[in-house]
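Student: Before we start, here is the structure in question, set down as structure tokens.
The values are calculated or read from the model by the stated rules, or taken from the named source; none is laboratory data. Quick caveat: nothing in here was measured; it's all calculated off a predicted structure. Glycine also receives a Cβ, built like all others from the backbone with ideal geometry; neighbour counts cover every protein chain displayed.
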Amino acid sequence: MKGFLKLIAVCDNISYKISKIGAVVSGILVSLITIMIFMYIINRAFIGGVWLFVEEWTALSLIPIAYLGMGYTLRANRHLYIDVLTRKFSTKRKDLVSAIVSVFSLLVLGFMIERSYDWMMYTIHQQIKSTGPMRTPMWIFSCSMFLGFCMYAVDMFFFTVSDFLKIFGSKLSLQFED
């Protein structure tokens, strides 16, 4: 059993590092968007040129920003909570409810992964492009959705394992903030 818990801890650590990479990529994209919009405003104000790609790429970049950061958001305990019912529960009962919700979330994520995979394959095979002036290939963004959901599902799996470890009184602590 000790070897199994050690394996879980190692896999959780790897998943945590991958989630951090997703969050860093999201942060870099936010920074690039900010710089691109700033340069576009300066260009329009002083030179008068119009860059057609700025609005399209800014809007499309919100897709990977949102999806690649979901796993890290879970690990950093920054999702929204509606704890009106569970606020008065004991710690043990809260852990049980959290485990049940986590299992349900994994099931929903399985469906979302399947749908995002279908969408990704559709955009690749049909060579779908954006309707904007740049005609950006949409497979790039559908891949980020699929990848983001997969990363989130792995993190949700370890979150669920963490909940069950708490319920059964294990001292193993996975990398999730309380």
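Student: Looking only at the range 123-160, count every residue that is in a loop (DSSP other than H, G, I, E, B) and over 19 Å from the mean Cα position of the chain (by Cα) and tell me the total.
Tutor: The number of residues fulfilling the criteria is 10.
Student: Does ARG78 qualify as being basic (Lys, Arg), in contact with a Phe, Trp or Tyr (Cβ under 9 Å, 6 or more places away or on another chain) and exposed (fewer than 15 other Cβ atoms within 10 Å of the Cβ)?
Tutor: yes
Student: Scan (1) in a helix (DSSP H, G or I); (2) among the aliphatic types (A, V, I, L, M); (3) within 21 Å of the chain's Cα centre (by Cα) for the single condition LEU165 breaks and write down its number.
Tutor: Answer for LEU165: the failing condition is (3).
Student: State yes or no: is ASP83 surrounded by 14 or more Cβ atoms within 10 Å (Cβ to Cβ) and out of contact with any Phe, Trp or Tyr (no Cβ under 7 Å at 6 or more places or on another chain)?
Tutor: Spelling it out, it is not the case that ASP83 is surrounded by 14 or more Cβ atoms within 10 Å (Cβ to Cβ) and out of contact with any Phe, Trp or Tyr (no Cβ under 7 Å at 6 or more places or on another chain).
Student: When residues of the range 121-161 are filtered for being over 17 Å from MET70 (Cβ atoms) and not β-branched (Val, Ile, Thr), how many remain?
Tutor: Within the range 121-161, residues that are over 17 Å from MET70 (Cβ atoms) and not β-branched (Val, Ile, Thr) number 14.
Student: Taking into account only those residues within the range 42-91 that are in contact with a Pro (Cβ under 8 Å, 6 or more places away or on another chain) and in a helix (DSSP H, G or I), which is farthest from ILE14 (Cα to Cα)?
Tutor: PHE53
Student: Here is a follow-up. So which of LEU32, LEU96, LEU7 is under 16 Å from ASP163 (Cα atoms) and part of a helix (DSSP H, G or I)?
Tutor: After ruling out the rest, the residue left standing is LEU96.
Student: Then there is this: What pairs come up if the first residue lies in the range 1-19 and is under 19 Å from ASN77 (Cα atoms), the second is of a type in the set (Phe, Trp, Tyr), and their beta carbons are under 7 Å apart, counting only those six or more places apart or on different chains?
Tutor: As it stands, the answer is ASP12/PHE158; SER15/PHE158; SER19/TYR72, since those pairs meet every condition given.
Student: May I ask you to verify whether PHE111 is aromatic (Phe, Trp, Tyr) and closer than 30 Å to LYS2 by Cα?
Tutor: The answer is no for PHE111.
Student: List pairs: first in the range 88-101 and at pLDDT 90 or above, second not in a helix (DSSP H, G or I), Cβ under 8 Å, 6+ apart or cross-chain?
Tutor: From residues that are at pLDDT 90 or above, the pairs are VAL97/PHE89.
Student: Follow-up. Would you be able to tell me the number of residues in the range 2-16 that are loosely packed, with under 12 Cβ neighbours inside 10 Å and either closer than 16 Å to PHE168 by Cα or of a type in the set (Ser, Thr, Tyr) (or both)?
Tutor: Number satisfying all stated conditions: 2.
Student: Please count how many residues of the range 17-69 are polar (S, T, N, Q), under 20 Å from MET138 (Cβ atoms) and buried (at least 17 other Cβ atoms within 10 Å of the Cβ).
Tutor: Count: 2.
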